[in-house]
Amino acid sequence: MSGTGAGVEVGATGPERTFGPLTTQMFVRYSGASGDLNPMHYDHAFATKAGYPSVFSQGMHQAALLATFATDWLGAENVRRFHVRFRDQVWPGDVLTCSGVVTGLRDGEDGRLATVELTCTRQDGSVAISGSADFLVA
């Protein structure tokens, strides 16, 4: 089903995707690409002075990874809605696993829409980011 909605039904799951271990270099690159130049994400001394144990990933970085998982599964051209909620910080060395499940199907203006619940989980089981999306599937 990668990249298409063919055969999508309620309860269907996408193939889990793992990212990481994440590195500070990844955070730096995301900072440059996104324009989020907050030093909390790439300057260890700055982050520890502010009370954090180290630098940490941008929440939008995890959102991008979750979106990558979802669009690889159901197709970028099929996205009609994408929503996320930031839940836990992500640190250098973390491994993230993205997963999703179809929770609903309905008819929309453009055709059949699938609603999917999305989760990006850290290796310790905590949820870094959760979300939902609607994809055109027929």
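Restrict the check to the range 52-68 and report whether at least one residue is within 28 Å of VAL8 (Cβ to Cβ) and in a strand (DSSP E or B). So far as the range 52-68 goes, no, none of its residues is within 28 Å of VAL8 (Cβ to Cβ) and in a strand (DSSP E or B). Close contacts from the range 49-60, counting a first residue that is over 18 Å from MET26 (Cβ atoms) and a second that is exposed (fewer than 15 other Cβ atoms within 10 Å of the Cβ) and at pLDDT 95 or above, with Cβ to Cβ under 8 Å and a gap of 6+ residues or different chains, come to none at all. Checked against (1) more than 25 Å from ALA133 (Cβ to Cβ); (2) surrounded by 12 or more Cβ atoms within 10 Å (Cβ to Cβ); (3) over 16 Å from the mean Cα position of the chain (by Cα), GLY32 passes all but condition (2). Candidates in the range 86-138 are the residues that are touching a strand residue (DSSP E or B) at 6+ places or on another chain (Cβ under 8 Å), among the charged types (D, E, K, R) and part of a loop (DSSP other than H, G, I, E, B); of these, the one that is surrounded by the most Cβ atoms within 10 Å (Cβ to Cβ) is ASP94. In the set (1) at pLDDT 95 or above; (2) out of contact with any helix residue (DSSP H, G or I) (no Cβ under 6 Å at 6 or more places or on another chain); (3) of a type in the set (A, V, I, L, M, F, W, C), ALA47 fails one condition alone, (2). Are any of the residues in the range 56-79 within 13 Å of PHE135 (Cα to Cα) and surrounded by fewer than 15 Cβ atoms within 10 Å (Cβ to Cβ)? Checked against the condition, which is being within 13 Å of PHE135 (Cα to Cα) and surrounded by fewer than 15 Cβ atoms within 10 Å (Cβ to Cβ), the range 56-79 yields at least one hit. Does SER99 satisfy being out of contact with any His (no Cβ under 9 Å at 6 or more places or on another chain), of a type in the set (Ser, Thr, Tyr), in contact (Cβ under 8 Å) with a residue 24 or more places away in the chain and under 18 Å from LEU22 (Cβ atoms)? Yes; evaluated as a whole, the condition is true for this residue.
The values are calculated or read from the model by the stated rules, or taken from the named source; none is laboratory data. Here the structure is a predicted model, which is why all the values come from computation and not from measurement. Cβ atoms come from the backbone with ideal geometry, glycine included; neighbour counts cover every protein chain shown.
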